[in-house]
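The block underneath contains the structure these notes are about, expressed in structure tokens.
The values are calculated or read from the model by the stated rules, or taken from the named source; none is laboratory data. Just so it is clear, the model here is predicted, and its values are computed rather than measured. Cβ placement follows ideal geometry from the backbone for every residue including glycine, while neighbour counts extend to all protein chains displayed.
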Amino acid sequence: MSQRPSPRGGTEAHPRDRPEYLVTEELAARFRTADSTIRYWRMIGYGPRGVKVGRRVLYSLAEVEKFEAELAASSETA
């Protein structure tokens, strides 16, 4: 992970180093909803596609952004 100096004197992660996947809790926080809502969405086939890795479900940041774009487009036509 490359680091660069922060204006406050510490270091911060380079933008390319942001996580490529979100876990259920992070996705719930992003949509300001409960973890159980994200799990329900997954069960009914709504929302970004997730990949099960062990006991966790990972959501690709690209899939999340694609889902957000679809939501924005559908709200513009409604």
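Within region 1-35, how many residues are outside any loop (DSSP other than H, G, I, E, B), more than 25 Å from residue 69 (Cβ to Cβ) and either aliphatic (A, V, I, L, M) or at pLDDT 95 or above (or both)? Outline the logic, then answer.
Of the residues in region 1-35, the ones outside any loop (DSSP other than H, G, I, E, B) are 3-5, 11-13, 15-17, 21-30, 35.
Filter once more, so that each one left must be more than 25 Å from residue 69 (Cβ to Cβ): 3-5, 11-12.
Cutting the leftovers down to either aliphatic (A, V, I, L, M) or at pLDDT 95 or above (or both) gives us none.
Of the residues in region 1-35, 0 are outside any loop (DSSP other than H, G, I, E, B), more than 25 Å from residue 69 (Cβ to Cβ) and either aliphatic (A, V, I, L, M) or at pLDDT 95 or above (or both).
Residues of region 38-61 that are without any contact (Cβ under 8 Å) to a residue 24 or more places away in the chain and in a helix (DSSP H, G or I): 38, 39, 40, 41, 42, 43, 44.
Can you report the number of residues in region 54-78 which are β-branched (Val, Ile, Thr) and either at pLDDT below 95 or surrounded by fewer than 10 Cβ atoms within 10 Å (Cβ to Cβ) (or both)? Going through region 54-78 one residue at a time, the tally reaches 1.
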